[in-house]
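Heads up, the thing below is written out as structure tokens.
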Amino acid sequence: MAERREDLPFAGITVVSIEQAVAAPFATRQLADLGARVIKVERPGGGDFARRYDTTVHGQSSYFVWLNRSKESVTLDLKSEAGRAILEQLLGEADVFVQNLAPGAAARMGLSPDALGERFPSLIPCTISGYGTTGPWADRKAYDLLVQCQTGLVSLTGNEHGAARVGVSIADISAGMYAYSGILTALFKRATTGEARAVEVSLFEALAEWVSQPAHYTRHGGTQPPRIGTQHATIAPYGAYPAADGRAVLFTVQNEREWAALCERFLRRPDLIEDKRFATMSDRVAHRDQLNGIIGERFSRLDSGEAMTLLDGAGIANSGVNDIDDFLAHPVLEGRGRWQDVRIPGGTTIPALVPPADLAGIPPRMGPVPSEGEHTESILGELGYGTAEIERLRTDGVI
């Protein structure tokens, strides 16, 4: 798997990022994967606090190694005049600036889009915030689970016993992906018109887009979709059912042709095709409990392997309910070569997933995860700082 940045689509693009946690690092890693030079600015004496979320990956944080491969780390005290001067030099040579600082912090440092536009007219600034940089909640901090709660997502997940958070940082991930696509759009705009436009994404508005379907359903239906575990709120049958061997099998029926096939070839109940309780999708949702009783009885007489074989034969999409160990050993990931080795601080090599979007003939860059400040001296050298100057900056706590 190639790691040569000069062979990749974003070769020649430089990104400077004052980033932490998940959303901004996720966005910039997408750029680094395809060849952009990403210079990650971290605090001296600790760096990105996501480095300390856990220590499960050979002493490194699982979050950090996921989000920060192929980047260069430079430590700068941005509260110092010397640190700010170095940042200005970096921005003067950058194409993109990304930050997800606390509310108001970038503006206080002279790093708002308007201020940057005056000093660096070709720079594309990208701001990732919690609830937007304007409006009534502009000053509020936001973290992933807070945003899951604010968008109502938590009220949709879980089961009859209570709500549950989504098990990954979905608000951060959605914001990071919209920041990435926004940056690509801004780069295209600059390439075609010469205009550098600022990009802004908030965690709240990114996840709000993702809950739009239940929002439409609630606004126009008068009630929100219920929490029903692995069942689907508006499609039936769609969910996991325990088989006789104790393993669950999830399957879904998406249309009337599949419903007929399920009745005839899996349930062995062709009479159900004409049953008025189950005639349409809405009917099946309305009579979900009765339908689940029929399906559950059939599953109780089959082990999971038999059930999946019969469902396959009927052309019904189905799956075992995997845990993470099952996922790690998934034959699709192995068979398609989706794991590639990446070096992490300390020199250990770990398997990491390649980016999901394949560009024909262009393997992504799977470079090392940097140690805190690993590239500080080399980057300062590029900016013209000599050995004595760099040592003085270190002594003064600037780097």
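Some observations on this one:
- The 3J(HN,Hα) values that the Karplus relation (6.51, -1.76, 1.60; θ = phi - 60°) gives for segment 204-212 are, in residue order, 4, 6, 5, 6, 4, 4, 6, 9, 5 Hz. Gly and Pro appear as x.
- Binned Cα-Cα distance frequencies in segment 3-117 - 5 Å width, integer %: 2, 11, 21, 23, 20, 13, 7, 2, 0
- Calculated over segment 105-183: convex hull of Cα atoms, volume per residue (Å³): 101 Å³
- Cα lying deepest toward the dipole's positive end in the chain, options 330, 9, 267, charges on Cβ: 267
- For the chain, the Cα gyration tensor yields ellipsoid semi-axes of 48, 24, 19 Å (square root of five times each eigenvalue, largest first, whole Å).
- Euclidean distance of C-alpha centroids, segment 1-65 and segment 370-399, integer Å: 19 Å
- Estimated vicinal HN-Hα couplings, Hz - segment 252-262 in sequence order (Karplus 6.51, -1.76, 1.60; Gly, Pro = x): 9, 10, 9, 7, 5, 5, 5, 4, 4, 5, 4
- Stokes-Einstein diffusion for segment 238-320 at 25 °C, viscosity 0.890 mPa s, with a Kirkwood radius from C-alpha pairs, works out to 195 µm²/s.
- Close amide H pairs (under 5 Å, H built 1.01 Å from N) link residue 199 with 126, 127, residues at least 5 positions away or on another chain.
- Burial ordering of 332, 211, 38, 342, fewest other beta-carbon atoms within 10 Å first: 332, 211, 342, 38
- Pairs of Lys residues in the chain are counted when their Cα atoms are under 28 angstrom apart and they lie 8 or more places apart or on different chains; the count is 8.
- Listed by Cβ neighbour count within 10 Å, with the fewest neighbours leading, 188, 299 appear as 188, 299.
- Gyration tensor over alpha-carbon atoms, segment 220-377, equivalent ellipsoid semi-axes in Å: 43, 19, 15
- Sequence of 195, 93 once ranked by neighbouring C-beta atoms within 10 Å, starting from the fewest: 195, 93
Read-outs: derived from the displayed coordinates by stated rules, not from any lab. Small disclaimer: the values here were computed from a predicted structure and weren't measured. Here Cβ is always computed from backbone atoms with ideal geometry, including for glycine, and neighbour counts include all displayed protein chains.
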